[in-house]
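The structure appears below as structure tokens.
The values are calculated or read from the model by the stated rules, or taken from the named source; none is laboratory data. Fair warning: this is a prediction, and the values are worked out from it, not measured in the lab. Methodologically, a virtual Cβ is constructed for each residue, glycine included, from the backbone with ideal geometry; neighbour enumeration extends over all protein chains shown.
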Amino acid sequence: MKKLDITPLQKEQAKILRARGMSLGKTASWTGLTKNVVSKLCKDIHPVEEAVDLEEKMRGGIACMYCGADLPHQEGVGRKAHYCGNDCRREYWRIHRSEVQKRPKSIYTHTCAYCGKTFEVYGTRERKYCNRHCFMLHRNGHKLPESDAL
């Protein structure tokens, strides 16, 4: 049997949504987990009954898309908020990266100028190094040891 890779973020989101009143099935589809996994993660959580379904509130822009908390009132013009803060927005992005990416074609494959490793990067065509460490070593004139060369 294949073991599911469950991230700590998915666990946290499932517990939050379940505690706020979302059903097992909807929590499972929202987090990308199965019903059984959500049931096991949330067995000690007793959901709060709400008059309006949490998923409808999240899709309607009344509740945060990540944690389900009520969104603060927004005055003036501009794009409506979908998250209660930057932390929720980032965590939602991490869990739902494949769904959120509007242009998956903007993932570029490069070869590091220092270590020669192939790496993928989102949105940057001109990147030369796989990480900052390789950039600094190459910039300071360090040579790659023969055992590490590809």
> Phe135 passes all but one of (1) outside the structural domain of Gly32 (by TED's automatic domain parsing); (2) part of a loop (DSSP other than H, G, I, E, B); (3) of a type in the set (A, V, I, L, M, F, W, C); which number fails?
Replying inline: (2)
> Got a number for residues in region 1-19 being buried (at least 19 other Cβ atoms within 10 Å of the Cβ) and out of contact with any Cys (no Cβ under 8 Å at 6 or more places or on another chain)?
Replying inline: 1
>> Would you confirm whether or not region 81-95 contains a residue that is in a loop (DSSP other than H, G, I, E, B) and charged (D, E, K, R)?
In response: no
> Within region 112-150, restricting attention to residues that are polar (S, T, N, Q) and farther than 29 Å from Arg90 by Cβ, which residue is modelled with the lowest pLDDT?
Replying inline: Ser147
>> Looking only at region 33-62, filter to residues that are exposed (fewer than 14 other Cβ atoms within 10 Å of the Cβ) and small (Gly, Ala, Ser); which one of those is modelled with the highest pLDDT?
In response: Gly61
